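To keep things clear, I will list the structure first and then write my remarks on it.
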Amino acid sequence: MATKQTDWGVLLDVSGPGARHEQLVRALRTAIRNGVVPPDAALPPSRKLAEDLGCSRWVVTQAYAQLVAEGYLVGRSGSATRVRWAGTSGNVRPPSPAPPTPKYDLAPGLPDLRAFPRQRWADMLRHVLTTAPHTDFGLPPPGGHPRLRAVLAEYLRRVRGAVTEDVAICTSVTDGVHRIARTLKAKGVTTIAVEEPGWTRVWRAAESAGLRVVTVPVDDDGLRVDLIPVGAKAVVVTPAHQFPSGVVLTPGRRAELLTWARKTGGLILEDDYDAEFRYDRRPVGTVQGMDPKRVVLLGSVSKTLSPAVGVGWCVVPPQWTHKVLAANPTAPAPPVLDQLALAEFIERGGYDRHLRAARLRYRARRDRLLAALGDAKVSGAAAGLHLVLHVDQDAAALVRRAAANGLKVGNLDDYRAGVGEPALVLGYGNLADNAVADAVRALRAAGYRSS
């Protein structure tokens, strides 16, 4: 590139925030990265570039010095300043655009994000920011902040019938499953059983820890314990509200599952999924409370508050606590301030009040959805934030047509290892109350017909 033929005032976009020399640094860096100023090209003397840009010579010398320090330029006494950087030139490919937000989102797995207690959460954060000792602003303690661990232990004893004096903090249920799976792998376990249909993210969490995942069918009574294969030394279950079928593990199956654990030395991973939202009777207590030496209890606030909070927990048998914490020492931990805010929220009774209001809201929304569906065949509607809509047509095609019309729904086959009876999974947790009827109309417009 011949410097004397270059109109640097046109070539460089010297604008944007910051001081003038910072603007010039950005402009030159961008031109070099994009190949507009190629490798080994000579830049004009500082005085000439300052004249072209209408700035002081100091601005140019400061910009050149900064880019020399960063490795983009090289300056030698008695010679022109040249481009040194020879990395991959050309425009960097921009990130793929996010998929369009559906007009009606009936995908399962989300609570009502509109109802997140913003003001109360801000109050909790403000309180802990002004009252927490300076030592709490360090690295997160292994296993979580002691205050949240103690508060959650008391809460789970009181509300869920758990038997525990301690809780390990993680970021989510899938994070907890991954940590437990790593611990099992270190102990020589190779195979873990999961429910089918089931939450596939849990399956992937176990697989990523190195375990072989085998699926076990679910019927109207819950997990078919008699079909857990020989060799599986752990099983993941959702006893309170199986995802996505919605069945509750019956008392007989609970007893059968605990017998399996005692006879085989196996470990039960109890995902307390949707336990807080039961509409026909009080939520059933945990399996963990029946045999805390053989059951790990996993939970989070992802479905009660929001996945954005990023706080979950594991109640592990005492002999496992240290092993679980040591299994993945580099695993991310929830920010301490969020842990303390949640502890404050629970202690003040705000979490209980939030859940009571949420139950009323979700029950009313579920009733609206059932009324709009009319005589449709549904299951799993007694609890949780979703229901299963059985259809007598191609569910995958129906899901695609619905998506083209701005309606997002789940296909039951997405939660199975194979293909079974066609059905849709309709999540109503994050659906606005006034959108329920319109969402069902959109589903019918996509070709849905009652079975």
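The values are calculated or read from the model by the stated rules, or taken from the named source; none is laboratory data. Note that the structure is predicted; figures quoted are calculated from it, not measured. In this analysis, Cβ positions are derived from the backbone assuming ideal geometry, glycine residues included, and neighbour counts consider all displayed protein chains. The protein model used for the area step is the full one, side chains on, heavy atoms only, and it has no ligands, DNA or RNA in it. Shrake-Rupley method; radii C 1.70, N 1.55, O 1.52, S 1.80 Å.
Here are some notes:
- Test: residue in the stretch 226-235 that is of a type outside the set (D, E, K, R), surrounded by 20 or more Cβ atoms within 10 Å (Cβ to Cβ) and either at pLDDT below 95 or on the phi > 0 side of the Ramachandran plot (or both): no
- Verdict on Q62 being touching a residue at least 40 places away in the same chain (Cβ under 8 Å), of a type in the set (S, T, N, Q) and surrounded by 13 or more Cβ atoms within 10 Å (Cβ to Cβ): yes
- Any pair with Cβ under 6 angstrom, 6 or more apart, that starts in the stretch 179-199 at a residue that is under 12 Å from L269 (Cβ atoms) and ends at one that is of a type in the set (D, E) and in a strand (DSSP E or B): none
- Only one entry in R348, R254 is open to solvent by 30 Å² or more (accessible area, probe 1.4 Å), at negative phi and among the basic types (K, R), namely R348.
- Filter result (closer than 16 Å to S172 by Cα, open to solvent by 10 Å² or more (accessible area, probe 1.4 Å) and in contact with a Leu (Cβ under 9 Å, 6 or more places away or on another chain)) within the stretch 277-304: S302, K303
- Test: residue in the stretch 153-167 that is among the acidic types (D, E), surrounded by fewer than 17 Cβ atoms within 10 Å (Cβ to Cβ), over 30 Å from V388 (Cβ atoms) and at pLDDT below 95: yes
- Long-range neighbours under 6 Å by Cβ, at least six apart or interchain, first residue of a type in the set (G, A, S) within the stretch 409-435, second outside any strand (DSSP E or B) and buried (at least 21 other Cβ atoms within 10 Å of the Cβ): G410/P108; A423/L412; G427/L106; G427/P108; G427/L385; G429/P111; G429/L385
- Within the set R201, R212, the sole residue that is open to solvent by 10 Å² or more (accessible area, probe 1.4 Å), at pLDDT 95 or above and out of contact with any Asp or Glu (no Cβ under 9 Å at 6 or more places or on another chain) turns out to be R212.
- In the set (1) at pLDDT 95 or above; (2) open to solvent by 10 Å² or more (accessible area, probe 1.4 Å); (3) of a type outside the set (G, A, S), I192 fails one condition alone, (2).
- Scanning the stretch 366-391 for residues that are open to solvent by less than 10 Å² (accessible area, probe 1.4 Å) and at positive phi yields one hit, G384.
- Criterion: under 30 Å from T215 (Cβ atoms) and part of a loop (DSSP other than H, G, I, E, B) - qualifying residue of V399, V388, V419: V419
- The single condition from (1) hydrophobic (A, V, I, L, M, F, W, C); (2) farther than 26 Å from V214 by Cβ; (3) open to solvent by 30 Å² or more (accessible area, probe 1.4 Å) that V440 fails is (3).
- Of the residues I228, I169, the single one that is under 17 Å from A331 (Cβ atoms) and not basic (K, R) is I169.
- Single residue of the stretch 220-230 satisfying the filter (in contact with a helix residue (DSSP H, G or I) (Cβ under 9 Å, 6 or more places away or on another chain) and among the charged types (D, E, K, R)) that is farthest from A181 (Cα to Cα): D221
- Single unsatisfied condition, R363 versus (1) open to solvent by less than 60 Å² (accessible area, probe 1.4 Å); (2) farther than 30 Å from L129 by Cα: (1)
- Scanning the stretch 88-102 for residues that are at pLDDT 75 or above and either touching a Lys or Arg at 6+ places or on another chain (Cβ under 6 Å) or under 30 Å from A41 (Cα atoms) (or both) yields a single hit, P102.
- Residue list for the stretch 142-164, restricted to those being over 27 Å from R356 (Cβ atoms) and free of Cβ contacts under 8 Å to residues at least 60 places away in the same chain: P146
- Residues of the stretch 173-189 satisfying the condition of being open to solvent by 10 Å² or more (accessible area, probe 1.4 Å) and within 19 Å of P239 (Cβ to Cβ): V173, T174
- Check on L407, hydrophobic (A, V, I, L, M, F, W, C) and touching a helix residue (DSSP H, G or I) at 6+ places or on another chain (Cβ under 6 Å): yes
- Here W85, W8 are screened, and the one residue that is touching an Asp or Glu at 6+ places or on another chain (Cβ under 9 Å), at pLDDT below 90 and open to solvent by less than 30 Å² (accessible area, probe 1.4 Å) is W8.
- Meets criteria (without any contact (Cβ under 8 Å) to a residue 40 or more places away in the chain and more than 28 Å from the chain's Cα centre (by Cα)) for V230: yes
- The lone criterion from (1) touching a residue at least 12 places away in the same chain (Cβ under 8 Å); (2) over 30 Å from V440 (Cα atoms) left unmet by L106 is number (2).
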